[in-house]
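Written out below as structure tokens is the structure these notes cover.
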Amino acid sequence: MKIAQLFLLLLINVPALGQPIYRCEYQGKIGYSDEPCMNAKVVDVLPTEGAHSLSGKRTSNARSRQEDLIKGIDNAVMPLTGLTHEQMKVERRRMKLPAQDKFECTWLDTKINAKNADEATLYQVRKRYFDLRC
């Protein structure tokens with residue numbers, strides 16, 4: 001059991017890979033940013049998970065191998081933690097935050113997912129979420 005706890009602790013210390021890129025549209029023009037904007041949509045900019053576009057063969061770089069390993073470990077410990085791979089990525093990202101910032105990130109999660117939020121409030125919430133590195 002001690003080995004499993006040590007392994008889980010080491011896994012949690014692995015830094016999260018990549019940051020979100022936002023697609024912003026303003027007055028009919030489209031732009032991309034690393035900061036949230038009004039009506040921002042997160043763009044998937046992850047590599048093709050190691051699949052080569054011409055040959056179709058799987059070639060993997062160190063980053064995709066690391067992500068595959070972390071995803072496999074997250075799926076293996078899911079019965080113990082109750083968290084999906086995406087939820088574990090969030091937990092790893094927030095691990096080093098102070099307790100007050102973690103609490104605020106949790107509160108911001110509920111505000112971002114609220115269905116009745118207006119655009120200006122949502123922008124402010126997303127901006128604070130990004131500033132805290134939630």
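The values are calculated or read from the model by the stated rules, or taken from the named source; none is laboratory data. Everything numeric in this text was worked out from a predicted model, so none of it was measured. Here the Cβ is made from the backbone with ideal geometry for all residues, glycine too, and neighbour counts use every protein chain on show. When the accessible area is computed, the model is the full protein with side chains, heavy atoms only, and any ligands, DNA or RNA have been set aside. Shrake-Rupley method; radii C 1.70, N 1.55, O 1.52, S 1.80 Å.
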### Message
It is to be established whether one or more residues within the range 52-72 are modelled with pLDDT of 90 or more and open to solvent by less than 50 Å² (accessible area, probe 1.4 Å).
### Response
yes
#### Entry: For residue 92: the one exception among (1) more than 15 Å from the chain's Cα centre (by Cα); (2) farther than 21 Å from residue 35 by Cβ; (3) among the basic types (Lys, Arg)
(1)
### Residue pairs meeting the criteria (Cβ under 9 Å; at least 6 apart or on separate chains; first touching a residue at least 12 places away in the same chain (Cβ under 8 Å) and under 18 Å from residue 124 (Cα atoms), in the range 90-109; second open to solvent by 80 Å² or more (accessible area, probe 1.4 Å) and part of a helix (DSSP H, G or I))
104/128; 108/128
### Task
Mind counting the residues in the range 77-134 that are at pLDDT 85 or above, of a type in the set (Asp, Glu) and open to solvent by 90 Å² or more (accessible area, probe 1.4 Å)?
2
